[in-house]
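The values are calculated or read from the model by the stated rules, or taken from the named source; none is laboratory data. The model shown is predicted, which means the values in this text are computed figures rather than measured ones. Cβ atoms come from the backbone with ideal geometry, glycine included; neighbour counts cover every protein chain shown.
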Amino acid sequence: MTAASAPRHCQIRDVVVRSLREGEPSGRVRARRPRSDTRTCSRQPAIRSERRIAGKPARHLSDVVNTLLMPQNRFVSPVASTYDGDSPEMFDPELLAATADFLAVEARGGRALEFGIGTGRVALPLSQRGVPVHGIDISVDMLDQLRRKPGAGAIATTVGDFAQTMVDGSFSLVYVVFNSIANLQEQSEWVQTFCNAARHLEPGGRFLVELWTPDLRRFPPGAAAVPFDLSPHHLGFDTLDVANQRCVSHHYFFRDGRTERIDFPGRYAWPAELDLMAQIAGMTSVGRWADWDRSPFTSDSRKHISVWART
């Protein structure tokens with residue numbers, strides 16, 4: 001097949017791969033604010049943020065300032081405005097039902113706190129199951145999207161960095177799903193997140209993480225990128241920095257005859273590393289599964305659902 005006769009999405013794919021090989025900027029450079037020593041949880045400062053209730057105006061000056069100061073906040077408009085539509089598979093009713101049912105069981109009749117609540121994809125169905133939900137998110141724009149949805153009035157939200165931000169009260173469940181923790185690019189920030197989860201948990205409370213498992217077998221030496229989606233409306237490629245456990249997800253969306261590129265830099269980690277972070281935070285492992293149906297986690301699993309309990 002010649003380049004001229006190749007399908008349009010194949011031609012675009014070739015251009016994308018060439019651009020990645022040629023070192024086109026990946027968007028990794030970002031402003032950072034200083035972090036304190038994070039070698040132990042006791043040395044990590046918690047930032048107590050003002051509470052925001054869903055349904056109230058989001059554009060408070062403090063919210064806007066907090067959002068601008070947040071590190072790694074890529075979830076601003078227009079990303080926020082198209083976020084739900086760009087991930088339709090994550091809104092499958094069966095998936096959301098399985099996710100909310102799993103979380104409701106782990107909440108054990110208590111309150112739940114979501115790190116990275118975003119547009120409320122998971123918080124809303126969980127709230128509908130009678131679980132009181134509070135959410136922390138870095139992006140005012142994402143919370144604006146949440147507040148437009150039915151049922152959002154029952155969910156309290158706080159603008160902040162979930163690695164450090166504290167909210168009032170204790171919870172029986174803290175959870176972070178859909179790889180949201182991977183947006184934190186430093187190992188110390190992951191440790192902070194585990195410690196912050198432990199701070200919010202009542203004794204015996206659970207911390208749950210849903211996270212992808214990189215399949216390095218699909219990333220041969222010399223490869224520029226590994227595709228994870230090749231569809232008529234979206235192309236997605238991952239580039240990995242194995243030595244530093246860094247990754248960049250490159251997204252190309254085709255809208256109205258235009259091509260939009262969005263890069264999401266992040267970090268990946270292996271389950272054993274997370275178990276050590278949980279131990280540092282004073283939590284012990286409860287279980288690990290391959291998916292929300294509690295199927296066994298194996299060497300071939302592409303993601304995991306891991307749960308730890310505060311001791």
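Answer yes or no: is there a residue in segment 82-100 that is in contact with an Asp or Glu (Cβ under 6 Å, 6 or more places away or on another chain), part of a helix (DSSP H, G or I) and at pLDDT below 95.
No.
Quick one: which of T298, T239 is polar (S, T, N, Q), surrounded by 17 or more Cβ atoms within 10 Å (Cβ to Cβ) and either outside the structural domain of L201 (by TED's automatic domain parsing) or modelled with pLDDT of 90 or more (or both)?
Sole residue among the options that is polar (S, T, N, Q), surrounded by 17 or more Cβ atoms within 10 Å (Cβ to Cβ) and either outside the structural domain of L201 (by TED's automatic domain parsing) or modelled with pLDDT of 90 or more (or both): T239.
What pairs come up if the first residue lies in segment 262-282 and is among the hydroxyl-bearing types (S, T, Y), the second is not in a helix (DSSP H, G or I), and their beta carbons are under 6 Å apart, counting only those six or more places apart or on different chains?
Partner pairs satisfying both residue conditions: Y268/P214; Y268/Q245; Y268/C247.
Within segment 77-114, take every residue that is without any contact (Cβ under 8 Å) to a residue 40 or more places away in the chain and among the small types (G, A, S) and give me the one that is surrounded by the most Cβ atoms within 10 Å (Cβ to Cβ).
A100
Looking only at segment 200-228, which residues are within 21 Å of V105 (Cα to Cα) and charged (D, E, K, R)?
Within segment 200-228, E202, R206, E210 qualify.
Taking segment 145-171 on its own, how many of its residues are among the acidic types (D, E) and in contact with a Lys or Arg (Cβ under 8 Å, 6 or more places away or on another chain)?
1
When S62 is evaluated against the numbered criteria (1) closer than 20 Å to G151 by Cβ; (2) at pLDDT below 55; (3) in a helix (DSSP H, G or I), which criterion, by number, is the only one it fails?
Of the numbered conditions (1) closer than 20 Å to G151 by Cβ; (2) at pLDDT below 55; (3) in a helix (DSSP H, G or I), the odd one out for S62 is (1).
With (1) crowded, with 24+ Cβ neighbours inside 10 Å; (2) out of contact with any Asp or Glu (no Cβ under 6 Å at 6 or more places or on another chain) as the list, and V159 as the residue in question, which single condition is left unmet?
Every condition holds for V159 apart from (2).
For segment 119-147, name all the residues that are among the aliphatic types (A, V, I, L, M) and part of a strand (DSSP E or B).
V133, I136
Taking the condition on the phi > 0 side of the Ramachandran plot, touching a residue at least 12 places away in the same chain (Cβ under 8 Å) and surrounded by fewer than 21 Cβ atoms within 10 Å (Cβ to Cβ), does G204 pass?
Answer is yes for this residue.
Let me spell it out: the conditions are (1) surrounded by 14 or more Cβ atoms within 10 Å (Cβ to Cβ); (2) more than 30 Å from A224 (Cβ to Cβ); (3) not aromatic (F, W, Y), and T284 meets all of them except one. Which number is the exception?
Unmet for T284, out of (1) surrounded by 14 or more Cβ atoms within 10 Å (Cβ to Cβ); (2) more than 30 Å from A224 (Cβ to Cβ); (3) not aromatic (F, W, Y): (1).
Counting residues that are under 21 Å from G116 (Cα atoms), which strands (runs of 3 or more DSSP E) fully inside segment 199-311 reach at least 1? Even if it seems obvious, please write down each step before you answer.
Values: elements: 201-212, 226-231, 234-241, 246-255, 258-267, 283-289, 303-310.
Passing ranges, in order: 201-212, 246-255, 258-267, 283-289, 303-310.
Quick check: is even one residue across segment 175-198 in a strand (DSSP E or B), touching a Gly at 6+ places or on another chain (Cβ under 8 Å) and among the polar types (S, T, N, Q)?
no
Which one of A224, A269 is over 30 Å from H134 (Cα atoms), of a type in the set (A, V, I, L, M, F, W, C) and either buried (at least 18 other Cβ atoms within 10 Å of the Cβ) or over 19 Å from the mean Cα position of the chain (by Cα) (or both)?
Answer to the selection: A224.
Only one of I138, I117 is at pLDDT below 95, of a type in the set (A, V, I, L, M, F, W, C) and either crowded, with 22+ Cβ neighbours inside 10 Å or not assigned by TED's automatic domain parsing to the domain that holds A197 (or both). Can you tell me which?
Within the list I138, I117, the selection yields I138.
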